[in-house]
1. Once you compute Rg and the Kirkwood Rh from C-alpha atoms, what is the Rg to Rh ratio for region 94-140?
2. How large is Rg/Rh for region 22-132, to two decimals, with Cα atoms and a Kirkwood Rh?
3. Residue 84 to residue 35: FRET efficiency via 1/(1 + (r/R0)^6), r the Cβ-Cβ distance, R0 30 Å, to the nearest 0.05?
4. What relative contact order, as a whole-number percentage, does region 22-132 give when Cα pairs under 8 Å and 6 or more residues apart are counted?
5. Tell me, in nm to one decimal, what length is gained between residue 124 and residue 52 on full extension, where the rule is 0.36 nm per residue of separation less the Cα-Cα distance?
């Protein structure tokens, strides 16, 4: 075996045995969500968990646009601006809402939903649009 071929084989074996990335990291399966648990937050967090997202808490006031540090922990973040505007019946609240899913790398909104509705209806709509837009966590 020639020296050059032996070096090439050694380099190939070394590259295969090093810790090269294999597939997406944990951030690709993570959604940053507000530390606050008010209004629609619990319903939306429940829906994200059902869609297999890993939730990463963040403080909304600390983030604007693209955020490299947050992007290392979560590819996307959910911005939830909502307020209770009425009741849909026994123990069911109605909300006015403006929801955005932001790509933490680019700062772009990849999903925006506005409207009003009962808590479960808003959750259904959010989940339906997440699926429609192909926003799903990378396999872990």
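1. 1.02
2. Rounded to two decimals, Rg over Rh is 0.98.
3. Calculated transfer efficiency: 0.95.
4. Worked out over region 22-132, it gives 25 percent.
5. Length gained, residue 124 through residue 52: 24.4 nm.
Every number in this text was worked out from the coordinates using simple rules, so none of it is lab data. Quick caveat: nothing in here was measured; it's all calculated off a predicted structure. As a convention, Cβ positions derive from the backbone with ideal geometry for all residues, glycine included, and neighbour counts pool all protein chains shown.
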